[in-house]
1. For the chain, report the accessible area per residue in Å² (1.4 Å probe, heavy atoms, rounded to an integer).
2. Whole number please: convex hull volume per residue, Cα atoms of the range 100-195, in Å³.
3. Lys and Arg at +1, Asp and Glu at -1: add these up for the other residues within a Cβ distance under 10 Å of Ile198 and post the number.
4. Once label points are set 7 Å from the Cα along Cα→Cβ at both Lys266 and Ala126, what is their separation, rounded to one decimal in nm?
5. ³J(HN,Hα) across the range 91-97 via Karplus (A = 6.51, B = -1.76, C = 1.60, θ = phi - 60°), whole Hz, x for Gly/Pro?
6. Taking amide H positions as placed in the peptide plane 1.01 Å from N, state which residues far from Trp160 in sequence (5 or more) or on other chains have amide H under 5 Å from it.
7. Let me check something: with ligands and nucleic acids excluded, how do Met127, Met239 order by accessible area (1.4 Å probe), largest to smallest?
8. Taking the full set of protein chains and a 1.4 angstrom probe, give the accessible area of Tyr235 in square angstrom, rounded to the nearest 10.
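The values are calculated or read from the model by the stated rules, or taken from the named source; none is laboratory data. Everything numeric here is computed off the predicted structure, so don't read it as measured data. All Cβ positions, even for glycine, are placed from backbone atoms using ideal geometry, and neighbour counts span all protein chains on display. What goes into the accessible areas is simple: the full protein's heavy atoms, side chains included, and nothing from ligands, DNA or RNA. Shrake-Rupley method; radii C 1.70, N 1.55, O 1.52, S 1.80 Å.
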Amino acid sequence: MSWSRFSSSSSSSSYPPKTDAETLRRQRISSSKLYNPDVSSKVPVIYSSYYDISFLGIEKLHPFDSSKWGRICRFLISEGYLEKSSIVEPLEASTDDLLVVHTEAYLNSLKNSVNVAKITEVAPVAMLPNWLVQMKVLYPFRRQVGGTVLAGKLAKERGWAINVGGGFHHCSGGRGGGFCAYADISLCIHFAFVRSNISRVMIIDLDAHQGNGHEMDFGNDERVYILDMFNPEIYPFDMTARNYINQKVEVVTGTTTDEYLKQLDKALGVVRSNFAPELIIYNAGTDILDGDPLGGLNISPDGVVQRDEKVFRFARERNIPIVMVTSGGYMKTSARVIANSIINLSKKGLIDTSARSGMNQ
């Protein structure tokens with residue numbers, strides 16, 4: 001695949017920052033508290049009850065299951081693969097943390113409920129006072145951002161980390177959309193550059209939708225290699241961002257499990273000879289599932305389990321730290337499928353979710 005980057009018609013956020021802006025970014029990262037939680041006695045599975053969005057049933061107006069994050073953990077706990085006390089609780093990303101990637105203008109735009117309604121695609125949000133929107137919608141998102149950033153640190157230390165939330169891949173530094181209000185993937189990568197001394201990152205984006213947010217953020221950054229496998233016939237139709245994908249794998253509406261997994265095997269084979277990452281961010285959306293109202297693909301639940309195993313095996317066999325975020329998935333069955341996949345990773349020895357493992361992973 002070509003390494004060329006196409007800068008025409010790119011947003012300004014895609015260009016390398018000026019030196020003074022980069023210095024300020026590094027200062028913000030260095031002073032952040034997002035890496036601070038004491039996790040020495042815990043496993044690198046990150047979740048907070050604050051992730052889940054519930055407010056007068058308004059959340060049901062969007063097909064996204066905004067309680068799936070908690071249900072994933074409850075499945076894992078009830079079946080003995082995770083102890084509640086061993087889960088890592090992340091901090092909320094502060095305004096200073098968010099400014100590492102986001103513009104002040106964009107963050108200010110979220111103080112208008114109409115703008116948040118457009119991003120979350122839930123029209124009644126526009127009618128709510130913004131303080132309520134901040135508390136019931138944006139605060140849960142900021143907690144998930146903190147989880148993704150912290151996952152970068154834990155992956156470097158332990159070899160892997162799973163943020164049960166996150167994966168807001170349609171949001172870039174200056175624009176949100178598609179239920180994505182903050183660019184957690186971009187933030188995680190910038191924190192890893194500075195705090196974990198990482199210099200090469202690969203994003204493996206296997207959500208059904210194109211990850212146009214992180215593509216715009218890293219459009220001219222040779223430190224980041226993007227493999228994006230997506231359905232080109234659905235949202236967001238971002239042709240400019242597509243120019244920034246290093247390895248673009250288009251899987252059209254109706255693609256079945258066998259074909260999908262063949263394409264993934266082929267794509268991972270190409271990566272092996274093209275890039276040597278020091279960290280992988282894996283955007284593991286389950287909207288590829290057969291029957292998902294937005295994804296358009298026909299992948300079986302077992303196909304999702306196999307997909308995740310392939311990606312983790314790719315990373316773990318090469319000793320590349322991997323962060324997994326759960327991203328999109330618009331059926332009530334998604335939580336069960338994700339839990340099954342994490343259980344499979346544990347059974348195959350690719351992760352260890354037992355509390356006794358502690359730091360010895």
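1. Working: 13920 Å² over 361 residues.
Accessible area per residue, the chain: 39 Å².
2. Numbers: hull volume 8.2 nm³, N = 96.
Cα convex hull per residue, to the nearest whole number: 86 Å³.
3. Working: positive: Lys156, Arg195, Arg200, Arg223; negative: Glu278.
Here the count lands on +3.
4. 4.3
5. Once θ is set to phi - 60°, the couplings for the range 91-97 become 8, 6, 5, 7, 4, 4, 4 Hz.
6. Hits under the 5 Å cutoff: Ile322.
7. Numbers: Met127 160, Met239 110 Å².
Ranked list, largest accessible area first: Met127, Met239.
8. Surface open to solvent at Tyr235 totals about 90 Å².
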